[in-house]
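Report on the structure given below.
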Amino acid sequence: MTTTTTTPDVPYRLEFSVEVPGTPEQVWQAIATATGMSGWFTQTELEEREGGALRFVMGPEMDSVGQVVRWDPPHRLVYEEDWARLMGKDPDALSPLTSEFVVEARSGGTCVVHVTSSGFGIGADWESEWWDDLGAEWRPFFDNLRTYLAHFPGQQATHLDVTASHAGDVPAVWTALRDGLGLGAEGETIDVRGSTGVVERVGEKQALVRLTAPVPGVLNVYAYGEGDGKATAGVRAFLFSPDAADYLRREEPRWQAWLQDLSVTV
């Protein structure tokens, strides 16, 4: 019997650039250390050296693991993630998922971060769909990065992360979230369930609010589809205060209950 092996030779690539405040050293701290990445992306474990182990903590059985393959502070970071393991696929069907960050200093105290993610698959339908979604889901985190560098550089984050599933499509769930929280125009100061915040960005299915009191931080509100006529409403916060742990113990169950009771018009 002859065994046919399919080689992952179909290329995928995502590229974009963002301008952020800070020196190259400050930007490097934000994109290439465990504390920094945990302050605007997700809880991260990172050995800060070439060959160092990497883990993005995404949830039960959803962590993404990999390693640093280039470490050139404060200019270039390259790491690989085990894309096949992350997607539950045959290891031979996918190459590693490679991400590169290049930091370019600009005048006026800012830097441009050039971001590239790339990989090879076998051309399965789900692969191109996954890469299309990656761009839409990955880019908004760089608004978090701007806010982190502008207001909380170098600080350790405490994470709040809650979701709830609802019948309805993404626009319906997003409308319920936006209206329920009273998300107004960008730049507007609002009350977010007892916290004061400034609306930094409002998109088609996500928003960013910079919290100012009682606990400062970055609040992400978002919706995404699950299929089968359902969508998820989510709230994610990065909190920067000695009081953050107490706030989390008190407010996380309240946020969870609020999301579950969200009134979605189907």
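The values are calculated or read from the model by the stated rules, or taken from the named source; none is laboratory data. Computed from a predicted structure; not experimentally measured. Cβ coordinates were reconstructed from backbone atoms using ideal geometry, including for glycine residues, and neighbour counts include every protein chain displayed. Heavy atoms of the whole protein, side chains included, go into the accessibility calculation; ligands, DNA and RNA do not. Shrake-Rupley method; radii C 1.70, N 1.55, O 1.52, S 1.80 Å.
Quick look at the numbers
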| item | result |
| --- | --- |
| Pairs, first more than 30 Å from Pro153 (Cα to Cα) and in the same structural domain as Lys89 (by the TED database) in the stretch 106-128, second in a helix (DSSP H, G or I) and of a type outside the set (S, T, N, Q), C-beta under 6 Å, six or more apart | Gly119/Trp83; Gly121/Glu127 |
| Candidates Val103, Val78 - the one that is touching a Phe, Trp or Tyr at 6+ places or on another chain (Cβ under 9 Å), assigned to a strand (DSSP E or B) and farther than 23 Å from Gln156 by Cβ | Val78 |
| All positions within the stretch 27-68 that are assigned to a helix (DSSP H, G or I) and touching a strand residue (DSSP E or B) at 6+ places or on another chain (Cβ under 7 Å) | Val27, Trp28, Ile31, Ala32, Ala34, Met37, Ser38 |
| Positions within the stretch 226-249 being closer than 14 Å to Val264 by Cα and assigned to a strand (DSSP E or B), in sequence order | Lys230, Ala231, Thr232, Ala233, Gly234 |
| Selection count, the stretch 137-180, where residues are of a type in the set (A, V, I, L, M) and in contact with a helix residue (DSSP H, G or I) (Cβ under 8 Å, 6 or more places away or on another chain) | 6 |
| Residue that is surrounded by the fewest Cβ atoms within 10 Å (Cβ to Cβ), among those in the stretch 203-248 that are under 12 Å from the mean Cα position of the chain (by Cα) and aromatic (Phe, Trp, Tyr) | Tyr222 |
| Residue list for the stretch 116-138, restricted to those being touching an Asp or Glu at 6+ places or on another chain (Cβ under 7 Å) and either surrounded by fewer than 18 Cβ atoms within 10 Å (Cβ to Cβ) or under 13 Å from Phe16 (Cβ atoms) (or both) | Thr116 |
| Qualifying position, being among the acidic types (Asp, Glu) and either open to solvent by less than 40 Å² (accessible area, probe 1.4 Å) or over 23 Å from Asn144 (Cβ atoms) (or both), among Glu48, Glu61 | Glu61 |
| Selection count, the stretch 139-158, where residues are in contact with a strand residue (DSSP E or B) (Cβ under 8 Å, 6 or more places away or on another chain) and open to solvent by 20 Å² or more (accessible area, probe 1.4 Å) | 7 |
| Among the residues listed as Gln67, Gln26, the single one being among the polar types (S, T, N, Q), open to solvent by 80 Å² or more (accessible area, probe 1.4 Å), out of contact with any helix residue (DSSP H, G or I) (no Cβ under 8 Å at 6 or more places or on another chain) and under 20 Å from Val115 (Cβ atoms) | Gln67 |
